[in-house]
Amino acid sequence: MQQHILSEERHAPSLKDPTHPGYQLFAQAKDHIQILDREHGRQTDARSANLAGCLAVQSCKMGMDRIDEVRLSDDASRAFAVQNNPYSAGSHDQLRAHVDTVAALNTPLEQSSQEWTKAAAERGQAEQHRNLQQEQTQAPAARTMS
């Protein structure tokens, strides 16, 4: 059983593959990183894709469903993926995910592709648990109202 799971992970599509469920987050991160690369006079390369992969994984873990911006901290030690709230102009209403820039640049995209699958599964379990708790909380209230 364990060996079967490991072989599936090795053959899972890469985040850069449009059939991968995390492809949209990866592509959005990559597009924004290309802009940062240009602004900093840097050529977009495989390390840029590595950073995009790590940001996609962290964004998934944080419950984000899109990446509207990628920013660097003032010292560039951290990279942030940002999901803006379209109904609010303030930064207090944003979802953010961050990674250590150097570690992310050196994390192979294949590793992030596998981590995204695990993160998505954990996110799904957390959402199911939250929904179950809401149903259990709402059920007694509905009974007392009838």
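The values are calculated or read from the model by the stated rules, or taken from the named source; none is laboratory data. Just so you know, these numbers come straight off a predicted model, no measurement behind them. Cβ sites come from the backbone with ideal geometry, for glycine too, and all protein chains shown count toward neighbours.
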Among the listed residues 81, 52, identify the single one that is in contact with a strand residue (DSSP E or B) (Cβ under 9 Å, 6 or more places away or on another chain), touching a residue at least 24 places away in the same chain (Cβ under 8 Å) and assigned to a helix (DSSP H, G or I).
52
For residue 102, which of the numbered conditions (1) in contact with a strand residue (DSSP E or B) (Cβ under 8 Å, 6 or more places away or on another chain); (2) exposed (fewer than 15 other Cβ atoms within 10 Å of the Cβ); (3) over 24 Å from residue 17 (Cβ atoms) fails to hold?
(1)
From the residues in the range 68-84 that are closer than 20 Å to residue 111 by Cα and not small (Gly, Ala, Ser), which one is surrounded by the most Cβ atoms within 10 Å (Cβ to Cβ)?
80
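Per-residue answers, yes or no, for (1) in a strand (DSSP E or B); (2) over 14 Å from residue 119 (Cβ atoms):
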| residue | (1), (2) |
| --- | --- |
| 16 | no, yes |
| 28 | no, yes |
| 34 | no, yes |
| 38 | no, yes |
| 44 | no, yes |
| 59 | no, no |
| 66 | no, yes |
| 70 | yes, yes |
| 98 | yes, yes |
Residues (crowded, with 23+ Cβ neighbours inside 10 Å, β-branched (Val, Ile, Thr) and out of contact with any Gly (no Cβ under 8 Å at 6 or more places or on another chain)) located in the range 34-67
67
Considering only residues that are surrounded by fewer than 15 Cβ atoms within 10 Å (Cβ to Cβ) and out of contact with any helix residue (DSSP H, G or I) (no Cβ under 7 Å at 6 or more places or on another chain), which ones fall in the range 85-99?
86, 87, 88, 89, 90, 91, 92, 93
Tell me the residue from 120, 76 that is in contact with a Pro (Cβ under 7 Å, 6 or more places away or on another chain) and either modelled with pLDDT of 85 or more or of a type in the set (Gly, Ala, Ser) (or both), please.
120
Does residue 75 qualify as being acidic (Asp, Glu), assigned to a loop (DSSP other than H, G, I, E, B) and more than 13 Å from the chain's Cα centre (by Cα)?
yes
